[in-house]
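The values are calculated or read from the model by the stated rules, or taken from the named source; none is laboratory data. Everything numeric here is computed off the predicted structure, so don't read it as measured data. Here the Cβ positions follow ideal geometry from the backbone for every residue, glycine too, while neighbour counts run over all protein chains shown. Areas reflect the complete protein model, heavy atoms only, side chains present, ligands, DNA and RNA absent. Shrake-Rupley method; radii C 1.70, N 1.55, O 1.52, S 1.80 Å.
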Amino acid sequence: MAAPMVHGTVTACGRLLLRFSSPLLRDIYGNGQNAMLKTKTQRCLSISAPRHRQQTKSTSSLSDKPYTEEFLQEMDQEYQLGKRHLANMMGEDPETFTQEDVDRAIRYLLPSGLHEKLARPMLKPPDQIFPKQKALQWGKERRPFSFLFYTGKANYYSLMHEAAQILTQLNRHEDKMLAKGVLLPDPEPWPEFNTSVWIDKIAVEKMITESMDDHQYRRFVEMLEHIAAHPYAKQAAQFILKFRQELVAVSMKQQVHPLMYDENGIAYMEAEGKRKSSRAKVTLRDRGTGEVTVNGLPLVTYLRNVQDREQVMLPLEFVERLDQFDVEATVWWGGTSGQAGAIRLAISRALCSFLTEAEIENMRLAGLLTTDLRRKERKKPGQKRARKKFSWRKR
């Protein structure tokens, strides 16, 4: 920890934390003669009552002030000052103190058990606290700049008009190419579009600084999908990708181990899986006949339920390699359903070493590489079972 700081510096940091926190936090910590913020290190940030009332008044008036550039610059300077004070209090370098370090320091210095996250102490950049505002919509003559001003949602309808104009331009280009005798182009691979999804309604509202209902959002997405389905859609790629969010494939994080070979040169792979309280370890051997043994017994003998056997064989059936591998599984704990799920997950993980990236991605999309975290719900006191209630009689 850093050396103890002077009272003025600590108070400035405390003032900043109070300013950027919600009114509920100020009501909780602001009762009494002094507002005390106690930390785990037994340090207290003390602010006198008159000073606290003055800060509360100035904080409540923040929403009334226009969010001009000067105002945001002032808030940013206070944010940087508070971040530097927090870094000194935590004994770290202020130059390399990131926002994650700020959040961690506040959780440590000002622990809060409030259920509402917005009521907890926070220190965020001004652009995350103060919402983005619209630009001025009219001039000195009090005339609106846009002809869509009186629709109530000028930015939304301007965006729809822009999308309609792009679609019209693509249709004209298609007509010109057909008039020249040029056939429609073959669909080209578009990796940026295939690995992304449309942004949600909240992101669109922040972009246009206007609120929109679900129907308007669906209309906007339908318009974008219409443009994306056009044969010459790649000419409008810059416009379309503004409203796409990249997806990170989980298969990139899937750890694929290299194959192992026995003394006969036959490839094999070992993997583990779990389901509920069951644990399984599987050895998958190449050049097999499709034989599956569980704890030294044939699969039909060990698992008598047909559904459990189908769960075990599902990964091999999905990749259409039922007769290529021999499976030796060791399973312990749990019941038959949990053991079947654990074996299935272990087989799926072992199969990744024998498959291509595309096949692994298909298995991930089918849910074969995802651990099933479901558990049996506990019985509740005063109830017959987890959800079922006792029968009620009036008399």
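Can you name every residue in the stretch 212-238 that is touching a residue at least 40 places away in the same chain (Cβ under 8 Å) and not in a helix (DSSP H, G or I)?
Taking the stretch 212-238 first, the residues touching a residue at least 40 places away in the same chain (Cβ under 8 Å) are 212, 216, 219-220, 223-224, 226-227, 230-237.
If the condition is that a residue be touching a residue at least 40 places away in the same chain (Cβ under 8 Å) and not in a helix (DSSP H, G or I), then MET212, HIS230, PRO231, TYR232 are the ones that fit.
Filter the stretch 276-324 for residues that are open to solvent by less than 60 Å² (accessible area, probe 1.4 Å), under 21 Å from ASP262 (Cβ atoms) and among the polar types (S, T, N, Q); which is farthest from the chain's Cα centre (by Cα)?
By that ranking, first place goes to THR293.
So in the stretch 255-275, with the set limited to residues that are within 23 Å of ARG364 (Cβ to Cβ) and assigned to a loop (DSSP other than H, G, I, E, B), which one is most open to solvent (accessible area, probe 1.4 Å)?
Ranking the qualifying residues of the stretch 255-275, first place goes to GLN255.
Only one of these is at negative phi, open to solvent by 60 Å² or more (accessible area, probe 1.4 Å) and not in a helix (DSSP H, G or I): GLU92, GLU100. Name it. If you could, list the steps in order and put the result at the bottom.
Values: GLU100 fails: not in a helix (DSSP H, G or I).
Among GLU92, GLU100, only GLU92 is at negative phi, open to solvent by 60 Å² or more (accessible area, probe 1.4 Å) and not in a helix (DSSP H, G or I).
Residue check: is THR195 closer than 21 Å to PHE243 by Cβ, at pLDDT below 90, of a type in the set (Val, Ile, Thr) and touching a helix residue (DSSP H, G or I) at 6+ places or on another chain (Cβ under 7 Å)? Full working, then the answer.
On the way: closer than 21 Å to PHE243 by Cβ: yes; at pLDDT below 90: yes; of a type in the set (Val, Ile, Thr): yes; touching a helix residue (DSSP H, G or I) at 6+ places or on another chain (Cβ under 7 Å): no.
Spelling it out, it is not the case that THR195 is closer than 21 Å to PHE243 by Cβ, at pLDDT below 90, of a type in the set (Val, Ile, Thr) and touching a helix residue (DSSP H, G or I) at 6+ places or on another chain (Cβ under 7 Å).
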